[in-house]
Structures are given as C-alpha cells and as structure tokens.
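Let me begin by presenting the structure, written as structure tokens, before commenting on it.
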Amino acid sequence: MIKGKYDLGEVGFVDCNFAYNDISNILHEYMHHKLGTSTIFAFVNFILEQTEIGLNNEDLKKISRTMQKAYLVLNENYALFHQLAIISCSSKDRYERFVTEFKKSENYAIYHGKKILNILSKNNAKDLLETNIINRIAFIAMNIDFTKLSEKDLLNNEYIEAKIIENSKDFDPNERYTILLKSLEKLLNHNDVNNITDDMLLKYTGLQSFERNKENFLKVLNLYKKRFEVQNIDTSILIKNIESIKNTSEDNFILEEVSKKDVYKIFDIIRPMPLNNNYEEFFPNKVTEEHLNCGVMRVLLRDNKNYSIEFYAIVVFYDVILGHEYRLFVDKNSLRDMIVKFNKLIMIYCEDYNRFISEFPIIKSKNIFLEINNTYSKCKEFFINDMSEGRETMIHEGNDRVFFIFSKQKEDNIFVMYFFKEVMGLIKKDIEDKLFNIISVDDEGLDREFYKNNTDWWKYEDIIRVIMGTYIMDDEHKFPTLGRRINIK
Ligand SMILES: [Zn+2]
C-alpha cells in the first residue's frame, strides 16, 4: 500500500486516509529539499552533480561526492530534528515510541541524535519550530564563502578536500553545524529560544556566514562559470540557473528569510490525496440510468491543444454508497447530453470553469462544485476574485487529519478546497481578516446558504467522499469515519 509520495517538484502527496505516519516522513524529505535549494554549498553541489551526470565527468563526480559527504551529518540531523519536533507537537505517545526506535537505529549515533533529543526535551517543540532555529543554524553552516577559495582550484578535488579538513571552521558544513548545535544547546540553558538571534550565534561561535542574497549567489555561480569555461566544461546548466536566479525578484528568491509561517507552509505543500484506488472501477461503453443515478459526476476536460487525442473529456460517475466508479471517455456531444440529463452534483476543476460555461451554458442551472486541488497559497489566487459578495463559507472535516473548505462563488457555484489540518494556521488568519465569512447554523441545523433544507448535508458529504476515495458501505472499515461540520470563528 502506498502511503506517501514525494518528488522534488512543488508538492508532495500523502494518502488522506492513512496520513499520520507519512507527514513526519514527508517533512523529513522536504527539509532535505529545502536545504538543497536554499543554501550556497548545496546549490553549488547541485550544479556540479547535474553537469557531471550529463557529461559523465569523473573529476566533477569526485568533488560532488566530497561536498555531499561534507554536509551529510548536517543534512540528516536537521531533517531528523524537524521530523521529531513535529511528532512531539502532535502526540506524546507517538513521540515516545518514535524515540525508542530512533535510539536503537544507526542514525542516532551517526547524526548526533542525543543532541536533538536533549534540545527537544528542554524546550518547547513548537517554539523551536516557529523560531526556525535549527533551520537557521543549518543555513549558517551551509553558507560558505566560496570567494575565499583559490579560483584556479575550484574544480580540484584534492584542494577542496584539504580545505574542508584544514579550514573546517570556514569550509566544512558538518563541522560548522556541530559547533553551532553545541553552542545552541548551551545558549538555550540561559536564554529563551525566541531571543536567540543569528548574530548571537555567530558571535558565540566565532564563525562567519556568507550572506544569503541574490548578489552573492550570482557571484559564486559566475566564479564557477569562468572556471568551467577555462577547463572546457559545458556551462549550459550553470547558465540556465544563473538566468533563473537573475529573473527571480529578491523577495521571492529561494534564499528568502525563513519566517514563522514557514511551518504551516511546509504542510501546505503536502497535499492529501487518496493514493490507493479504493473504488471499484468500471469502463462502460455508453451512459445508462445506473450512471445517471449516481450522486456525483466529475468531469475533466482534455486540453484542446492536444489534437492527437480523440475524446473531449473524461467523465466519472461515483456511486458513493457502494464505492463504484464508472469512467467514460466522451466526445463533446455526449458530454452535453450527460450534463442535460444528470441532476445531482457536477464536479469540475476550477481551471476548466470558463471553458465549461462558454461551451455548455446549460450548466448554469446545475449544482456545480469547483474543485481546487492545490496548495492554499495557490488556491487563493484562484478564488479570491471570484468569491460571492458575502464570501459565505463553511468548513467540514474529512477525517481527523483533513478538512474541507466550501465557499460560495459569485455565480452561486461552490469552491471546494481541502488541506491537512496543519494548514489551518494559514487559514485562521484569513478568517480573522474576513476573507471568509463563516456561516452560522440556526436551531434547525440549517445555515440557509449551504444547508438550505434538512436533506442538503448529503451534497457535501458526497463530494468529500469522492475526493477522499471513501464510500458508505465500507464493511471492512478500511477508512476513518467521516468527520462533521466544524465551527471556527
Ligand atoms: Zn534523510
């Protein structure tokens, strides 16, 4: 069974029905990714590695290995710290169990496990996460001043190896991180974590940090570019990255300062998805009453730029009671026909909406749900200009890990968005700022917007079941039970 999926792209997916374990694992992977894209040492290594792979260049391979080794301890300690901290925030029991296993593992000794546990036992994990203190020391350790190296030896492995060993305080990230971690432990004995600044750490350790900004990044990459040219090495990957950094504003730069909100943002890039197909799939040739009686019809329009594909849309009818899905590949006329005949809930992707109403105006009289399957920050771009005037919103639990936001769109359709609970931190702020107007429920349990009469609850529950891939006749109790509507003010 698949529980988590992660690639180095923008978003990671975790199974929405079996989420718990994987959140901490994905966070672990995410931290490696963050370090790799946000610090000078790892970024230089990334360029060398990518170029080496393309050219099969032995010299570059050697240096890249040397560099990876030089931040291996840091990389793991830092990822393990975040993983442990997040577990300790959510459940003491689970944390104890994880620690017991962790102590038995090789990682414990190799990656300074004892130090992580000491720091976590004496300080509030949430504060440690929110101040990003471990993130900050990892970044300081990784921001090595490459301009202090001899230009002609930048690609000379023996020289780089010697520098890392002999000038470890300046060039060895593992060593720098260890010094910082030890100092942090001491500083935390007498200081609140909220008061510990980067300057304090640098002063206490006597280390220097190469400032993280666009200019310094470009300076270092240009040094390598010159060196590549002298040694006749392909510069295309370097140039591509130099260009992309040049085109990034300082604000959005990958070296952007880490803020308190980062903790929630991490979870925002982890999306809940049913990674296992829980429904039984059918591929009928044509639509019948059985399909038209299903609760939800989901439509995915094909990109019309792709002429080689002969069908116009994929239509899936969901029987949320039995857990059956009927998948049809249809042309435009059949789709129009289905829309006319189908009287329950139609779910489409928000991105398809304009094309949909222009090609099938009949859809305006139907119950439409506009799914936005994206991070909360991306969702905002989609819905912010298209919300109804009253911004009516309700929040519903999918299960105890996942929640759904239903919000009115200006043409009386409904946006559907869903996130792991941790993202609630980003949304609460927007509720306070009245971006959403959470609708209250009267004595009869109705809100007159979403629940207009007392049978309307099924609509939202069916939509949730379809997105989460759960169904009512789940005899084996494979899934956690569906949650309820929740009130946040
Ligand atoms: Zn790892």
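So residue 356 passes all but one of these: (1) out of contact with any Phe, Trp or Tyr (no Cβ under 6 Å at 6 or more places or on another chain); (2) under 17 Å from residue 437 (Cβ atoms). Which condition number does it fail?
So the condition that residue 356 fails would be (2).
Do we find that residue 101 is under 26 Å from the mean Cα position of the chain (by Cα), assigned by TED's automatic domain parsing to the domain that holds residue 171 and closer than 19 Å to residue 24 by Cβ in this structure?
Details: under 26 Å from the mean Cα position of the chain (by Cα): no; assigned by TED's automatic domain parsing to the domain that holds residue 171: yes; closer than 19 Å to residue 24 by Cβ: yes.
No: the conditions fail for residue 101.
Each row is one residue, and each column tells you yes or no for (1) more than 14 Å from residue 32 (Cα to Cα); (2) more than 16 Å from the ligand (Cβ to nearest atom); (3) of a type in the set (Asp, Glu).
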residue: 48; (1), (2), (3): yes, yes, no
residue: 51; (1), (2), (3): yes, yes, no
residue: 54; (1), (2), (3): yes, yes, no
residue: 61; (1), (2), (3): yes, yes, no
residue: 66; (1), (2), (3): yes, yes, no
residue: 72; (1), (2), (3): no, no, no
residue: 79; (1), (2), (3): no, no, no
residue: 84; (1), (2), (3): yes, no, no
residue: 91; (1), (2), (3): yes, yes, no
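Please indicate, with yes or no, whether at least one residue in region 185-193 is over 22 Å from residue 122 (Cβ atoms) and under 33 Å from the mean Cα position of the chain (by Cα). Let's see the steps before the verdict.
First, the residues of region 185-193 that are over 22 Å from residue 122 (Cβ atoms): none.
For region 185-193, residues over 22 Å from residue 122 (Cβ atoms) and under 33 Å from the mean Cα position of the chain (by Cα): absent.
So in region 1-46, with the set limited to residues that are among the charged types (D, E, K, R) and within 15 Å of the ligand (Cβ to nearest atom), which one is modelled with the highest pLDDT?
First, the residues of region 1-46 that are among the charged types (D, E, K, R): 3, 5, 7, 10, 15, 22, 29, 34.
In the following step, the residues that additionally are within 15 Å of the ligand (Cβ to nearest atom) were identified as 22, 29, 34.
Values: 22: 56, 29: 72, 34: 78.
The residue in question is 34.
I'd like the full set of residues that are buried (at least 20 other Cβ atoms within 10 Å of the Cβ) and in contact (Cβ under 8 Å) with a residue 40 or more places away in the chain, limited to region 51-72.
So the first thing to find is which residues in region 51-72 are buried (at least 20 other Cβ atoms within 10 Å of the Cβ), and the list is 51-52, 60, 63-64, 67, 70-71.
51, 60, 63, 67, 70, 71, listed by residue number.
Is it the case, given these coordinates, that residue 467 is in contact with a helix residue (DSSP H, G or I) (Cβ under 9 Å, 6 or more places away or on another chain) and within 16 Å of residue 396 (Cβ to Cβ)? Steps first, please.
Numbers: in contact with a helix residue (DSSP H, G or I) (Cβ under 9 Å, 6 or more places away or on another chain): no; within 16 Å of residue 396 (Cβ to Cβ): yes.
Considered against the rule, which asks whether it is in contact with a helix residue (DSSP H, G or I) (Cβ under 9 Å, 6 or more places away or on another chain) and within 16 Å of residue 396 (Cβ to Cβ), residue 467 comes out as no.
Might you let me know whether region 282-293 holds any residue that is under 24 Å from residue 412 (Cβ atoms) and modelled with pLDDT of 95 or more?
Of region 282-293, the ones under 24 Å from residue 412 (Cβ atoms) are 292.
Applying the additional criterion that residues be modelled with pLDDT of 95 or more yields 292.
Yes, region 282-293 has at least one match.
Considering only residues that are surrounded by fewer than 19 Cβ atoms within 10 Å (Cβ to Cβ) and of a type in the set (S, T, N, Q), look in region 133-173 and name the one that is nearest to residue 115 (Cα to Cα).
168
Can you confirm whether residue 114 is modelled with pLDDT of 90 or more, within 16 Å of the ligand (Cβ to nearest atom) and out of contact with any Asp or Glu (no Cβ under 8 Å at 6 or more places or on another chain)?
Judged against the criteria, residue 114 is not a match.
Answer yes if at least one residue in region 58-70 is under 21 Å from residue 185 (Cβ atoms) and of a type outside the set (A, V, I, L, M), and no otherwise. I'd like the intermediate steps shown before the answer.
Of all residues in region 58-70, those under 21 Å from residue 185 (Cβ atoms) come to none.
No, every residue in region 58-70 fails to be under 21 Å from residue 185 (Cβ atoms) and of a type outside the set (A, V, I, L, M).
The values are calculated or read from the model by the stated rules, or taken from the named source; none is laboratory data. The shown structure was predicted, so the numbers you read here are calculated from the model rather than taken from an experiment. Methodologically, a virtual Cβ is constructed for each residue, glycine included, from the backbone with ideal geometry; neighbour enumeration extends over all protein chains shown.
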